[in-house]
Amino acid sequence: VGRMNPYAGLVSHLRASWLSGKTRPMEYRVAQLEALGRFLDDKKQQIMDATASDLGKSPSPGHNTMEHWDKSCRTCQGHMLHPWSLQAPFETELSEILMCKNELHETLSNLSRWMKDEKVDRILDPYGVVLIIAPWNYPIHLFLVPLIGAIAAGEPKLPVPWPGGSQQCQGAFLISLQDCFAVVTGGVQETTRLLENKFDYIFFTGSPPVGRIVMTAAAKHLTPVTLELGGKNPCYVSDTCDVTNVARRVAWGRFFNAGQTCIAPDYLLCTLEMQEKLLPALQKAINDFYGPNPRESPDFGRIQFQRVQRLLCSGRVAIGGQTDEAERYIAPTVLVDVQPSDAVMQEEIFGPILPIIIITNMDEAIDFINSRERPLAIYAFSSDDKVVNRVLERTSSGGFCGNDTMMHVTLPSLPFGGIGNSGLGTHHGKFSFDTFSHARGCLKRGMGQEPLNAPRYPPYSQRKFGI
Ligand code: NAD
């Protein structure tokens with residue numbers, strides 16, 4: 001790495017803190033976690049403002065986030081307390097603040113139990129200096145939830161590249177930092193330079209192609225990794241189900257955060273008959289959630305426009321389809337007549353588009369799922385438990401949720417992670433604690449009873465073994 005690497009000094013400073021043993025006592029871990037909880041309470045409004053300003057979460061009618069960045073916004077002249085950042089905080093609060101507080105509660109309630117040595121004398125040691133790399137779509141929770149697990153495990157310092165962080169966010173986070181933690185904001189360039197350094201554990205959340213880059217960099221130092229990646233999450237809807245409820249649960253999962261969620265249902269698999277029932281129900285759900293013109297809804301976010309817009313060319317638009325590039329707006333959209341070879345089925349959509357693929361029965365749906373990369377989540381809807389169980393048993397994915405979408409991620413008692421192309425390793429609750437803990441086999445012996453060791457010392461002879 002050498003002196004040329006801009007982060008070498010930071011990493012060695014953190015390593016010195018780690019070697020001092022400061023982060024190991026339970027009291028230290030608890031104090032840090034409690035401080036993180038207070039931070040979330042104290043800085044909640046700044047977090048909401050920053051994610052609204054940076055990412056346009058829950059924007060108000062017609063508001064253009066670029067105007068806000070340019071400080072020429074007609075409504076607020078770029079002031080951070082723009083009305084729309086206060087207008088509809090629920091989605092942000094749920095996905096950013098409550099996810100972290102839930103994780104903190106689970107960790108603080110169980111930490112003393114998790115930290116106990118196991119009977120087999122397996123000692124759980126923190127790994128050392130950990131690097132957490134987070135993406136932009138939930139910039140608070142995807143960075144703080146792994147951080148909670150790392151603090152709980154006694155990891156001392158965490159350089160965290162956080163791309164796209166605004167001035168508000170940087171300020172807010174740096175206030176809470178101490179000797180053992182560091183934040184590096186930035187994007188590809190900063191992360192690339194950071195990855196040249198030797199870490200003891202790397203926790204990466206992002207896309208599969210970048211996951212490969214991170215794993216390759218980690219391999220140079222034989223550093224263990226967790227890779228929380230993405231992919232296309234199938235959602236099977238059987239012919240027997242409550243269509244209204246299915247449509248509401250699917251629409252919520254697909255259009256939450258304007259579709260930019262790693263576990264969003266990416267596409268539907270159902271029969272033609274079910275599609276005909278689902279379309280009006282989906283239209284009604286979208287209408288109920290976002291009104292007749294979702295563009296004016298404070299609850300519907302904005303997106304990476306160009307990449308997502310070109311996916312609208314697949315199949316035929318049955319619902320939505322309206323776009324406005326200046327506002328980075330794409331309406332909640334449902335596509336029909338989609339072929340598996342269409343562009344929208346070739347990559348993770350990560351936007352407010354829901355394609356429907358027609359299958360003739362459950363077995364065909366299962367075969368379709370199994371013919372593709374293993375996803376981060378699979379969803380199956382049916383009023384018949386056997387159908388849900390069959391999809392669960394005959395497929396493989398990071399997680400699974402029957403008769404709902406995305407809700408499994410809210411339970412810190414469940415492991416969260418991908419498999420194959422969707423990731424490697426798990427976290428949340430105790431699984432985070434285990435992820436950041438090295439199970440160190442440890443035997444401590446007394447100094448006496450040396451004659452008992454005679455058989456293992458050379459020269460090996462029949463006499464010594466008594467045979
Ligand atoms: P991304 O992979 O482009 O970026 C993720 C992080 O890697 C960012 O910090 C980015 O700066 C960095 N990065 C990007 N290119 C890099 C490179 N060449 N070298 C080094 N670092 C690089 O992902 P994104 O677009 O920010 O986020 C969307 C993806 O993340 C989707 O695939 C989504 O499914 C996935 N995701 C997964 C989870 C999960 O928990 N499994 C959660 C959220 C998002």
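Summary of computed values
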quantity: Evaluation of Phe181 against (1) surrounded by 22 or more Cβ atoms within 10 Å (Cβ to Cβ); (2) modelled with pLDDT of 95 or more; (3) more than 12 Å from the ligand (Cβ to nearest atom) (one fails), failing number; calculated: (2)
quantity: Condition met for Val214 (near the ligand (Cβ under 7 Å from one of its atoms), under 18 Å from the mean Cα position of the chain (by Cα) and within 21 Å of Gln346 (Cα to Cα)); calculated: no
quantity: Checklist (1) more than 14 Å from the ligand (Cβ to nearest atom); (2) at pLDDT below 90; (3) under 20 Å from Gly417 (Cα atoms); (4) of a type in the set (A, V, I, L, M, F, W, C) applied to Val160, failing item; calculated: (1)
quantity: Exclusive hit being more than 15 Å from the ligand (Cβ to nearest atom), of a type in the set (Gly, Ala, Ser) and open to solvent by less than 40 Å² (accessible area, probe 1.4 Å), set Gly402, Gly418, Gly429; calculated: Gly402
quantity: From Leu131, Leu94, Leu81, Leu86, residue being among the aliphatic types (A, V, I, L, M), crowded, with 17+ Cβ neighbours inside 10 Å and either closer than 22 Å to Gly425 by Cβ or modelled with pLDDT under 90 (or both); calculated: Leu131
quantity: Qualifying residue in the range 273-281 (condition: among the hydrophobic types (A, V, I, L, M, F, W, C), within 9 Å of the ligand (Cβ to nearest atom) and surrounded by fewer than 24 Cβ atoms within 10 Å (Cβ to Cβ)); calculated: no
quantity: Within the range 355-467, strands (runs of 3 or more DSSP E) holding 1 or more residues that are within 26 Å of Leu282 (Cα to Cα); calculated: 377-381, 399-402
quantity: Failed condition for Leu312, given (1) closer than 22 Å to Val336 by Cβ; (2) open to solvent by 10 Å² or more (accessible area, probe 1.4 Å); (3) within 16 Å of the ligand (Cβ to nearest atom); calculated: (3)
quantity: Flag for Ile123 being assigned to a strand (DSSP E or B), modelled with pLDDT under 90 and either under 19 Å from Phe436 (Cα atoms) or within 19 Å of the chain's Cα centre (by Cα) (or both); calculated: yes
quantity: Enumeration of residues in the range 335-363 that are touching a residue at least 12 places away in the same chain (Cβ under 8 Å) and either open to solvent by 70 Å² or more (accessible area, probe 1.4 Å) or farther than 19 Å from Ala264 by Cα (or both); calculated: Asp337, Gln339, Asp342, Ile358, Ile359, Thr360, Asn361, Met362
quantity: Qualifying positions in the range 7-41 - surrounded by 14 or more Cβ atoms within 10 Å (Cβ to Cβ) and either part of a loop (DSSP other than H, G, I, E, B) or among the acidic types (Asp, Glu) (or both); calculated: Tyr7, Lys22, Thr23, Arg24
quantity: Filter result for the condition that a residue is closer than 30 Å to Thr333 by Cβ, within 11 Å of the ligand (Cβ to nearest atom) and open to solvent by less than 10 Å² (accessible area, probe 1.4 Å), over Gly253, Gly206, Gly187, Gly230; calculated: Gly230
quantity: Selection within the range 315-334 - open to solvent by 10 Å² or more (accessible area, probe 1.4 Å) and in a loop (DSSP other than H, G, I, E, B); calculated: Gly315, Gly320, Gly321, Gln322, Arg328
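The values are calculated or read from the model by the stated rules, or taken from the named source; none is laboratory data. No experiment lies behind these values; they were computed from the predicted model shown. Don't worry about glycine lacking a Cβ; one is built from the backbone with ideal geometry, like all the others, and counts go over all protein chains shown. Ligands, DNA and RNA are stripped out before the accessible areas are found, and what is left, the full protein with its side chains, is counted by its heavy atoms. Shrake-Rupley method; radii C 1.70, N 1.55, O 1.52, S 1.80 Å.
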